[in-house]
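Following: one structure in structure tokens, then a few remarks.
The values are calculated or read from the model by the stated rules, or taken from the named source; none is laboratory data. If you're wondering where the values come from, they're calculated on a predicted model, not measured in any experiment. Counting neighbours? That spans all protein chains shown, and the Cβs are built from the backbone with ideal geometry, glycine included.
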Amino acid sequence: MLPTLFLAHGVPLTGLSDNDYTRFVRGLGLILPEPKTVVIITADDNSEALTIGAADRYDGIREEYGFPEELLSVRYPAKGNRRLSSDIGIMSSGLGIPYRFDVNSRLDYRAWAVLHWLFPRAEVSVVTLSVNGRLVPEEHYRIGSMLASLRKRNVLLVGCGSTGYKLRKLTWDAIMPERWAMGFDEWLSEQAAVWNTEALFDYPVRAPFAEEAVLKGGETHLAPLFVAMGAADQEKEAEKLHQSYVFGCLSLNGWMFGDKR
């Protein structure tokens, strides 16, 4: 059974850069068993709890304001997996989780930023999932628990988010990371290591530097972390594989959850 992952998406430039973090993601893709399908989980303020990608094949990136020109020309021609998309819809319906299907063939840049380093040849089929970032962490964890059975079908679940994402606090020429960014990540690491979901779900109150590190309503970026953990609830095993920082406070980290044997 495959483990689950949480990988930082960074900013649009991150996916275009050769750096310590992107080299880590590429190396991870080389040592992982090749899955049948990768389910890439992002978050947005959707009207439904879950938006399930159902494209036959993916292509370019969904354009957003301020994207660099080189990002607009990238392609990631991975196949979709409509049968798996349908199965996730059935699972969601059975648990009363509202969902909708999305046939858009363009990827969220955050998903692309991880996928094209993890599987650069686009040889693995992809199903995109977007959870509603306005849900509370317990609900994101519950969605992950629902997805756990997919791991037995050689499906790799990858949460794609950020544990530190205050763009207005980025310092482009910074050499050392901010103390508050490191402090928040260290607290997350400590709680995840002992699977203290009670504390993690209450991170806005309990975590040091939460206000500095997380945008108001910041579950949008942290949500994929809780989904990835929920999918490994049976084993309750966590390992941080990578941690680095760029621009002073942009946290770039990689986690593995579940049985790694």
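A few points about this structure:
- Which numbered condition S105 fails, given (1) polar (S, T, N, Q); (2) in a loop (DSSP other than H, G, I, E, B); (3) under 17 Å from G144 (Cβ atoms): (3)
- Note on the range 146-261: enclosed helices (runs of 4 or more DSSP H) holding 1 or more residues that are touching a helix residue (DSSP H, G or I) at 6+ places or on another chain (Cβ under 9 Å), at pLDDT 95 or above and closer than 20 Å to G10 by Cβ are 179-193, 219-230.
- Where a residue in the range 237-261 is under 11 Å from D20 (Cβ atoms) and its partner, wherever it lies, is of a type in the set (S, T, Y) and part of a strand (DSSP E or B), with Cβ under 8 Å and at least six apart: Q243/S251; Y245/S251; L252/S244; L252/Y245
- Within the range 8-35, restricting attention to residues that are in contact with a His (Cβ under 9 Å, 6 or more places away or on another chain) and under 13 Å from L115 (Cβ atoms), the residue that is surrounded by the most Cβ atoms within 10 Å (Cβ to Cβ) is H9.
- Pair list, Cβ under 7 Å, 6 or more apart: the range 148-173 residue in contact (Cβ under 8 Å) with a residue 60 or more places away in the chain, other residue acidic (D, E) and not in a helix (DSSP H, G or I): A148/D233
- Look at the range 185-204: where a residue is closer than 17 Å to Q243 by Cβ and a partner is charged (D, E, K, R) and at pLDDT 95 or above, sitting 6+ places away or on another chain with Cβ atoms under 6 Å, you get S189/K240.
- When residues of the range 119-145 are limited to those that are small (G, A, S) and either farther than 19 Å from L2 by Cα or over 13 Å from the mean Cα position of the chain (by Cα) (or both), the one modelled with the lowest pLDDT: G133
- The set of residues in the range 79-97 that are closer than 17 Å to R153 by Cα and touching a Phe, Trp or Tyr at 6+ places or on another chain (Cβ under 7 Å) comprises G80, S85, G89.
- Test: residue in the range 20-43 that is in contact with an Asp or Glu (Cβ under 6 Å, 6 or more places away or on another chain) and under 20 Å from G161 (Cβ atoms): yes
- The number of residues in the range 85-110 being over 21 Å from V136 (Cβ atoms), touching a Gly at 6+ places or on another chain (Cβ under 9 Å) and not basic (K, R) comes to 8.
- Any pair with Cβ under 9 angstrom, 6 or more apart, that starts in the range 92-106 at a residue that is touching a residue at least 40 places away in the same chain (Cβ under 8 Å) and surrounded by 14 or more Cβ atoms within 10 Å (Cβ to Cβ) and ends at one that is aromatic (F, W, Y) and not in a loop (DSSP other than H, G, I, E, B): S92/Y99
- Residue within the range 122-142 that is crowded, with 24+ Cβ neighbours inside 10 Å and part of a helix (DSSP H, G or I) present: yes
- Residue under evaluation S85, criteria (1) in contact with a strand residue (DSSP E or B) (Cβ under 6 Å, 6 or more places away or on another chain); (2) exposed (fewer than 14 other Cβ atoms within 10 Å of the Cβ); (3) not β-branched (V, I, T), criterion not met: (2)
- Residues in the range 36-73 that are surrounded by 11 or more Cβ atoms within 10 Å (Cβ to Cβ) and of a type in the set (G, A, S): 6 in all.
- Per the conditions (1) surrounded by fewer than 18 Cβ atoms within 10 Å (Cβ to Cβ); (2) closer than 19 Å to L118 by Cβ, the sole criterion not satisfied by S149 is (2).
- Boolean, G230 is touching a Gly at 6+ places or on another chain (Cβ under 8 Å), buried (at least 22 other Cβ atoms within 10 Å of the Cβ) and among the small types (G, A, S): yes
- Among the strands (runs of 3 or more DSSP E) confined to the range 1-91, the ones with at least 3 residues that are at pLDDT 95 or above and β-branched (V, I, T) are located at 37-44.
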